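Presented below is the structure to which this report refers.
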Amino acid sequence: MDIQNNESTKWQNRRIGRGKREAGLTHECGVYGAIGNVNWPCNSEIAQFICIGLEALQHRGQESTGVAVSEGHNDFHVHKGMGLVKHVFNTDNIAKLKGNLGIGHTRYSTSSRSEVVNCQPFVVHSSHGALAVAHNGELVNASELRKQVLDRGVGLSTHSDSELITQALCLIPPDGEVNGPDWPARIRHLMQLAPLSYSLCIMLKDRIYAVRDPYGNRPLCLGKILPLDHEIINGYGNDEGFAPEGWVVSSESCAFLSVTRYLREVLPGEIVEMTRTGVKTVDIVPPPVDKSLAFCIFEYVYFARPNSMFEGQEVYTVRVHCGMQLAMEHPVEADMVGSVPESGNAAAFGYSRQSNIPLGELLTKNSYVGRTFIQPNNRLRQLNVALKFCAIQTNVRGKRVILIDDSIVRGNTVGPIIKLLRKAGAKEVHIRVASPPLKYPCYMGINIPTRDELIMNKLSSTKEFAQKVDADSIEYLSVGGLVKAVRKEIKPPTKTVGHCTACLTGEYPGGLPEELSW
C-alpha cells in the first residue's frame, strides 16, 4: 500500500502551510504549568515562573505563546500573542497575571494556521466555571471528535485540535455526574474517545490536571518548587527537610530550572491532579486493546534538549549511543570527525569515541542567525548556509572528514555545507546521519514536509544522494540501530517501553487515520 498517495483529503486540508521552514522538522508545542502551595510574596510570581519555564521550552514552538492564571475564581487572567516568549510578555502585562496557579504554552502550528485566534491556552466558560487547556500533540481522529462535539450543540470558533479538546471536556460523561462536574471522569471520557496524541495541562480555578495520552506518544513530566534557601550540593539540590513550595508540570525536564526539581514522568494514560495540598494520580487510562506504548522516538533524535530526561535517561546519552551505533554500522577511514553544530554534537562525540577517529570542529555556527526559510534557488540557498555556517580551515584543509548530523529531511542544506568544506580544502567529505531517513508523514503533532520534499523519497539510494551533493559517501543509522541506542540504558522502574517509528517505517501505533474507528 502506498501510504503517502492514499492520504485522505481531510488530512491534506488540515495541513495547509505545513513544512515551510528550511530548518526541517518542527514540533507542535510545549506546555508548562505551576501551582504554589503557599502565598508567594508577589501575586504575579507564578506568571513570571511560567514565562521562564516557557522560555526553556522555546525550542518546541516559536510562533506564539500564552499564559493563563487563576486567583481561585472563575475569571482567569490571560495574555497571549504571536512571537517568542520574550517578545509577547513584558513587565506590564505580566503584572496583570495575578494568581497562585497557571498554565502556559508555546506553539508551532500543524493542524491549524499560525494566527492569533489559535494561540493557547484556550479558555472556555462553562456552567461550572472557567476551564483552560494547553495542548501538545495532534488528535488523530479529530474529525470524528469534532462531529460529536458539534452534534451536542457546541460551537467551535477555530480548526484547532486544542479548542476541540477544551470544548469536549465540557461534555458530560456517559455515566453522568452527581453533585457537580466530575473532571477526572470527563478527562477519562475524552481519552477514550481520542487516545492519540497529546500531553495536556488543564486548569480549573483551584487545580491543574496533567494528562498524557494512553500511548505515551507525547512527553510530560512533574517537578516540585523548592524554597529559596534549600541547599545546593555539587550542583544537585539537597531536598532533605525542605517542604516544596509548589508543583510544576512541563513537556520537558529541561524547563525545571534552579529552584525546581525533577520528580518523574507522567505515565502513559495517567491523569495527575495538582492542588495546593500536593500531587496525586486520580486515574490511568490504558491504551486500546492489543496496542503498544508509542513514545515518539524523534524526541530523542531531534526535538528535545540534550539535558532533558525521558524514560529514566538523559537525551544527550542516547544521542551519544546513536553516534556509536552509527560508527559500528557505517565505518569509514578518515582523519577527523565533526558535527553540524549544534544538532549533531553528541552523535559526533559518540562516533569519534567508537571509531577512535579524533573529534574536531569542522564548522562553526553564526549564533546571530535565526530561522532560515526555503529559498527559491540554489544561489540564495548557498548564501543562507554560508551566512549560518563557516568551515574551520585549520581542521579541514587536506583532511578526510566525517560530518555528523542528527537528521536530513529535505537535503537542501547538505550540498552547500559540503561545498563549504570542499572550498576550505577538504580532501574527502563523508556524511553520516544519526537517524534513519524520514519517509512517511506524522499524524501526531510533528510537522514533517510532504512526500515530494523528503529527500530519500526522491532518490533510489544513498549512493545517488552522495553523487547529487558531491559527498564521497552518505549513510544513515538503521531503524534497528536507532531503537537499540534509545533502549540501551532504559532500566527499571521503566518496565514497559514502546516507541513510535511511524515517520521512518510507516507503521502507525493506532493505524492510519482513515482506518481508525475510535
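The values are calculated or read from the model by the stated rules, or taken from the named source; none is laboratory data. Predicted, not measured: the structure shown is a model, and the values here were computed from it. Counting neighbours? That spans all protein chains shown, and the Cβs are built from the backbone with ideal geometry, glycine included. Quick note on the areas: whole protein, heavy atoms, side chains included, nothing else; ligands and nucleic acids left out. Shrake-Rupley method; radii C 1.70, N 1.55, O 1.52, S 1.80 Å.
Would you call Ser352 at pLDDT 95 or above, crowded, with 18+ Cβ neighbours inside 10 Å, of a type outside the set (A, V, I, L, M, F, W, C) and in contact with a Ser or Thr (Cβ under 8 Å, 6 or more places away or on another chain)?
It is false that Ser352 is at pLDDT 95 or above, crowded, with 18+ Cβ neighbours inside 10 Å, of a type outside the set (A, V, I, L, M, F, W, C) and in contact with a Ser or Thr (Cβ under 8 Å, 6 or more places away or on another chain).
Residues to consider are Lys458, Lys488; find the one that is in contact (Cβ under 8 Å) with a residue 60 or more places away in the chain and out of contact with any Ser or Thr (no Cβ under 8 Å at 6 or more places or on another chain). Give the steps one after another, and end with the answer.
Working: Lys458 fails: in contact (Cβ under 8 Å) with a residue 60 or more places away in the chain.
It is Lys488.
In the range 65-74, is there at least one residue being within 22 Å of Tyr302 (Cα to Cα), in a strand (DSSP E or B), modelled with pLDDT of 90 or more and open to solvent by less than 10 Å² (accessible area, probe 1.4 Å)?
So far as the range 65-74 goes, yes, one or more of its residues are within 22 Å of Tyr302 (Cα to Cα), in a strand (DSSP E or B), modelled with pLDDT of 90 or more and open to solvent by less than 10 Å² (accessible area, probe 1.4 Å).
Being assigned to a loop (DSSP other than H, G, I, E, B), within 23 Å of Ser253 (Cβ to Cβ) and open to solvent by 10 Å² or more (accessible area, probe 1.4 Å) is the filter here, so list the residues in the range 49-64 that pass it.
The one that is assigned to a loop (DSSP other than H, G, I, E, B), within 23 Å of Ser253 (Cβ to Cβ) and open to solvent by 10 Å² or more (accessible area, probe 1.4 Å): Gln62.
Does Lys224 qualify as being at pLDDT 80 or above, assigned to a strand (DSSP E or B) and open to solvent by 30 Å² or more (accessible area, probe 1.4 Å)?
Yes.
Please pick out the residue among Ser160, Ser126, Ser143 that is surrounded by fewer than 20 Cβ atoms within 10 Å (Cβ to Cβ) and under 16 Å from Ala68 (Cβ atoms).
Working: Ser160 fails: surrounded by fewer than 20 Cβ atoms within 10 Å (Cβ to Cβ); Ser143 fails: under 16 Å from Ala68 (Cβ atoms).
Criteria check complete, one pass: Ser126.
Can you report the number of residues in the range 333-349 which are touching a residue at least 60 places away in the same chain (Cβ under 8 Å) and in a helix (DSSP H, G or I)?
Total meeting the criteria: 1.
For the range 480-492, enumerate the residues that are over 20 Å from the mean Cα position of the chain (by Cα) and either part of a helix (DSSP H, G or I) or hydroxyl-bearing (Ser, Thr, Tyr) (or both).
Listed by number, the residues that qualify are Gly480, Gly481, Lys484.
Does Tyr215 satisfy the criteria of being at pLDDT 90 or above and either among the aromatic types (Phe, Trp, Tyr) or open to solvent by less than 60 Å² (accessible area, probe 1.4 Å) (or both)?
yes
For the range 460-486, which residues satisfy the criterion of being basic (Lys, Arg) and either crowded, with 17+ Cβ neighbours inside 10 Å or at positive phi (or both)?
none
Evaluate the range 331-340: report whether one residue or more is at pLDDT 95 or above, surrounded by 17 or more Cβ atoms within 10 Å (Cβ to Cβ), of a type in the set (Asp, Glu) and farther than 17 Å from Ile446 by Cβ.
Yes - at least one qualifying residue is present in the range 331-340.
Going by what's in this entry, would Gly24 be described as modelled with pLDDT under 85 and buried (at least 19 other Cβ atoms within 10 Å of the Cβ)?
It is true that Gly24 is modelled with pLDDT under 85 and buried (at least 19 other Cβ atoms within 10 Å of the Cβ).
Which ones in the range 320-332 are of a type in the set (Gly, Ala, Ser) and not in a helix (DSSP H, G or I)?
If the condition is that a residue be of a type in the set (Gly, Ala, Ser) and not in a helix (DSSP H, G or I), then no residue fits.
Do you know which residues across the range 252-273 are open to solvent by less than 10 Å² (accessible area, probe 1.4 Å) and in contact with a Lys or Arg (Cβ under 8 Å, 6 or more places away or on another chain)?
Glu252, Cys254, Thr260, Val266, Gly269, Glu270, Ile271, Val272, listed by residue number.
If you scan the range 291-319, which residues turn out to be without any contact (Cβ under 8 Å) to a residue 60 or more places away in the chain, open to solvent by 10 Å² or more (accessible area, probe 1.4 Å) and part of a helix (DSSP H, G or I)?
Tyr316
Being out of contact with any Leu (no Cβ under 7 Å at 6 or more places or on another chain) and not acidic (Asp, Glu) is the filter here, so list the residues in the range 151-169 that pass it.
Of everything in the range 151-169, those that are out of contact with any Leu (no Cβ under 7 Å at 6 or more places or on another chain) and not acidic (Asp, Glu) turn out to be Gly153, Val154, Gly155, Ser157, Thr158, His159, Ser160, Ser162.
Between residues in the range 104-130 that are at positive phi and residues that are at pLDDT 70 or above, which pairs lie under 6 Å by C-beta distance while being six or more apart or on different chains?
Filtered contacts from the range 104-130: Gly129/Asn74; Gly129/Lys205.
If a residue must be touching a residue at least 40 places away in the same chain (Cβ under 8 Å) and open to solvent by 10 Å² or more (accessible area, probe 1.4 Å), how many such residues does the range 274-290 contain?
Adding up the residues that qualify gives 10.
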